[in-house]
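Step one of this worksheet: look at the structure below.
The values are calculated or read from the model by the stated rules, or taken from the named source; none is laboratory data. Bear in mind the structure is a predicted one, so any value in this text is a computation, not a measurement. Note that each Cβ is placed from the backbone with ideal geometry, even for glycine, and that neighbours are counted across all protein chains shown. Areas reflect the complete protein model, heavy atoms only, side chains present, ligands, DNA and RNA absent. Shrake-Rupley method; radii C 1.70, N 1.55, O 1.52, S 1.80 Å.
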Amino acid sequence: MTAHKTLLLCTCDKTQSFDPKALQAAAAAEQVIVVDQLCGTDMKTAAEHLSGANEVLIACGQQAALFERLGEDIQAEIQHSAPLSTLDIRDRAGWSAPQANPKRLHAKQAALMAAAQLPAPMAPVKTIRSSGVCCVVGPTEQAIRMAELVQDELGVTCIVSYAGPVQLPSAAYDVAKGKLTSAYGALGNFKLEFSGLQMLNPAGRGEPGYGEAKATAHSECDIFIDLRGMGPAFPSHEKRNGYFWADPARTGELERIALNARELVGEFEKTVYFRLEESLCAHSRANQPGCTRCLDVCCTEAIFSAGDHIQIDSDICAGCGSCAAVCPTSAITMNETSFEAITRNLEVMARIYREQSGEAPRLVFHTLDAGAEAIAYLARYDDGLADDLIPLGLEHIDRVGHAEIMAAFGAGYAEVLILPDNEIDRRAVAAEVELAQAMLTGTRNSPSRVRVIEAIELCAAGDNAGRVSEPVLLVGGRRDITRVTANAMADNIEAPIPLPAGAPYGAIEIDSDKCTLCLACVSLCPTGALGDHPDRPEVRFTENACVQCGICESTCPETAITLKPQLDLSKDALSPRALHGEEPFECIQCGKPFGVASTINRIVEKLENQHWMYTKSDNVQLIKMCDDCRVKAQYHGNNAPMAGGERPRVRTSDDYRDS
């Protein structure tokens, strides 16, 4: 049975306009109602429809909590309330500069409305259990004070960092002296290591003393409170669940931490943000180092090496998505903000905007926290978003990689802007922005069409005459869509586009003077970009499959391989081509091809008359034979080194009878 939907639109006291029919079509609503003050004088309209049977979609984000409470009141009164969802089209589209083009604003509203109807990806969750075991590390006075604040709800152990006077503690918590040397884990599973640990001895008269020191000691806890007054124990510590770090410069820190720490007892749901396909990972092969891109960008150190592939600690992972943005093989993908979900949103919004306005939109990636707040502030107090600028909010701006940027151009956007929350976010996206800009070099779209901006730049109008191509079909993975988009925009697909060092696209070059065609690189290539020839010694290379992991370079015993980052858009990149090859050497006995001619000749040159085994003998000829002929020659030749003496004649009974 198909659910019917009612769309409620509010002009917000006649401060915004819209096209009701276009929004009704975008929302797939059965009916549309337009009022001026849905949160005020027209609230009865909202109440009336929330009391009905139809699903209700209210195009107001600011008063979402108010309408949710209204639905709860109606549910309590009549034991029924219609399903409710809300959507902001005012701050992101309705409120703009006085000179804004209404046609563009209405097209943008319809685009946002249509994207909101797409199904939201479902991310799996895991259960985190915390028994309230808490470790407090810091100076004696602060640690004891913290223990007093949380002892009623948590099981506390204080590890004081120096031996100062200590009041005999309550029996509700323990005290020890020691120095924190390492920390790992997250809520429910912290593992701490200390040096010089001494437990407080409460027995005896006078000031309590400490027991014998242990060189190293380990501890496990659910909650970790760090009062040491130095740098945090973890990078991006604010993203580490269960870890509290006190900023010495702030007042009231102990009380703030205690208030939050006391709540961390029980079972909690933790989102599993990622999916990992170990078989696709190009991290390492046979102990030879390869791709480390995800390890290099992970801000929480949740990723670690596990041999030929990486592993991710789901307890520590904060879901920023930077690993998925740089993974060249899609071994890591995100559950909440998958590449497929982002490209689907991009395609729908661009298509609806283009159909409604006949122009190409621009796109801005922003965060759902600080980025959304900046947009709301500009809408209320400034000119708001430019009329052609469509916002796409993500949990973390780190999630934006070159593939997402290129997918936006493939969907038909004329410009892609990125609004970071802070300087850390700005640095996190810098390499991916540089890579996207390099791909646009030599195309009809200027590299300046990809920019990291400040919030005030959101108000500036754009020049949409620069859209370079009709939309392409956004089907496939990150590399597929990147290649298709770059191909559609390129002026000349025959000349490879140079890319920055570390780019996940490129070729390899082999020094033929050094290469012995041992094929070690072929056997270890994780993506199949390197292959061999079935009939002759030859290294073959398929550029489109190469992710520039570097395993071949680190494996080559002759250091004959060099990586060359570039993007080859020609058809040649899709097929294997020979990088280096030779004719095989033919056995001097049977003529069977074996080995590499240059290698055999080089061995002969180095050994003939240079080594006692190959001096004044024909042993050097053994090197020129295949395996079968070499064995025969060693056992049956005139001067064979392994040949036995002449076999004696077999004696019979006749020999003895004659004698």
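Some points to look at:
- E68 vs. criteria without any contact (Cβ under 8 Å) to a residue 24 or more places away in the chain, open to solvent by 60 Å² or more (accessible area, probe 1.4 Å) and either in contact with an Asp or Glu (Cβ under 9 Å, 6 or more places away or on another chain) or over 30 Å from A460 (Cβ atoms) (or both): yes
- Within the stretch 120-138, considering residues that are closer than 27 Å to S85 by Cα, out of contact with any Lys or Arg (no Cβ under 7 Å at 6 or more places or on another chain) and hydrophobic (A, V, I, L, M, F, W, C), the one most open to solvent (accessible area, probe 1.4 Å): M122
- Of all residues making up the stretch 219-246, the number that are in a loop (DSSP other than H, G, I, E, B) and either aliphatic (A, V, I, L, M) or surrounded by 11 or more Cβ atoms within 10 Å (Cβ to Cβ) (or both): 14
- Of all residues in the stretch 272-288, those being surrounded by fewer than 16 Cβ atoms within 10 Å (Cβ to Cβ) and either farther than 12 Å from I310 by Cβ or modelled with pLDDT under 95 (or both) number 3.
- When the stretch 460-473 is filtered for residues that are more than 17 Å from A407 (Cα to Cα) and either open to solvent by 40 Å² or more (accessible area, probe 1.4 Å) or at pLDDT below 80 (or both), the ones remaining, listed by number, are A460, A461, D463, N464, A465.
Residue-by-condition table, conditions (1) modelled with pLDDT of 95 or more; (2) in contact with a His (Cβ under 9 Å, 6 or more places away or on another chain); (3) in a loop (DSSP other than H, G, I, E, B):
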site: S512; (1), (2), (3): no, yes, yes
site: R536; (1), (2), (3): no, no, yes
site: C549; (1), (2), (3): yes, yes, yes
site: E553; (1), (2), (3): yes, no, no
site: P557; (1), (2), (3): no, no, yes
site: Q566; (1), (2), (3): yes, no, no
site: A578; (1), (2), (3): no, yes, no
site: I588; (1), (2), (3): no, no, yes
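- Count of the stretch 286-311 residues, restricted to those that are within 24 Å of M122 (Cβ to Cβ) and more than 11 Å from the chain's Cα centre (by Cα), is 3.
- Scanning the stretch 601-639 for residues that are surrounded by 15 or more Cβ atoms within 10 Å (Cβ to Cβ) and not in a helix (DSSP H, G or I), we see that the one that is modelled with the lowest pLDDT is G637.
- Leading residue by the ranking (farthest from L105 (Cα to Cα)) among those in the stretch 344-388 that are among the β-branched types (V, I, T) and open to solvent by less than 10 Å² (accessible area, probe 1.4 Å): T367
- Residue in the stretch 474-483 that is closer than 17 Å to T542 by Cα, modelled with pLDDT of 95 or more and either of a type in the set (A, V, I, L, M) or over 24 Å from the mean Cα position of the chain (by Cα) (or both) present: no
- Every condition in (1) in contact with a strand residue (DSSP E or B) (Cβ under 8 Å, 6 or more places away or on another chain); (2) assigned to a helix (DSSP H, G or I); (3) buried (at least 16 other Cβ atoms within 10 Å of the Cβ) is met by E457 except one, and the failing one is (3).
- Residue that is nearest to A286 (Cα to Cα) [pool: residues in the stretch 518-542 that are under 29 Å from the mean Cα position of the chain (by Cα) and of a type in the set (V, I, T)]: V522
- Hey, N422 modelled with pLDDT under 95, farther than 27 Å from N101 by Cα and either under 16 Å from the mean Cα position of the chain (by Cα) or polar (S, T, N, Q) (or both) or not: yes
- Pairs with Cβ under 7 Å, 6+ apart, first in the stretch 505-517 and of a type in the set (V, I, T), second open to solvent by 60 Å² or more (accessible area, probe 1.4 Å): I508/T562; I508/K564; T516/E558
- Counting the residues of the stretch 521-534 that are surrounded by fewer than 18 Cβ atoms within 10 Å (Cβ to Cβ) and not in a loop (DSSP other than H, G, I, E, B) gives 3.
- Scanning the stretch 403-424 for residues that are part of a helix (DSSP H, G or I) and surrounded by 24 or more Cβ atoms within 10 Å (Cβ to Cβ) turns up A403, E404, I405, M406, A407, A408, F409, G410, A411.
- Any chance N492 is in a loop (DSSP other than H, G, I, E, B), over 26 Å from H396 (Cβ atoms) and in contact with a Phe, Trp or Tyr (Cβ under 7 Å, 6 or more places away or on another chain): no
For every residue, the table says whether it meets (1) at pLDDT 95 or above; (2) open to solvent by less than 30 Å² (accessible area, probe 1.4 Å); (3) within 22 Å of G393 (Cβ to Cβ).
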residue	(1), (2), (3)
K21	yes, no, no
V35	yes, yes, no
I58	yes, yes, yes
E72	no, no, no
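- Considering the stretch 49-79, and only residues there that are within 37 Å of the chain's Cα centre (by Cα) and of a type outside the set (A, V, I, L, M), the residue that is farthest from C39 (Cα to Cα) turns out to be E55.
- Those strands (runs of 3 or more DSSP E) of the stretch 98-200 in which 3 or more residues are in contact (Cβ under 8 Å) with a residue 40 or more places away in the chain occupy 125-130, 133-138.
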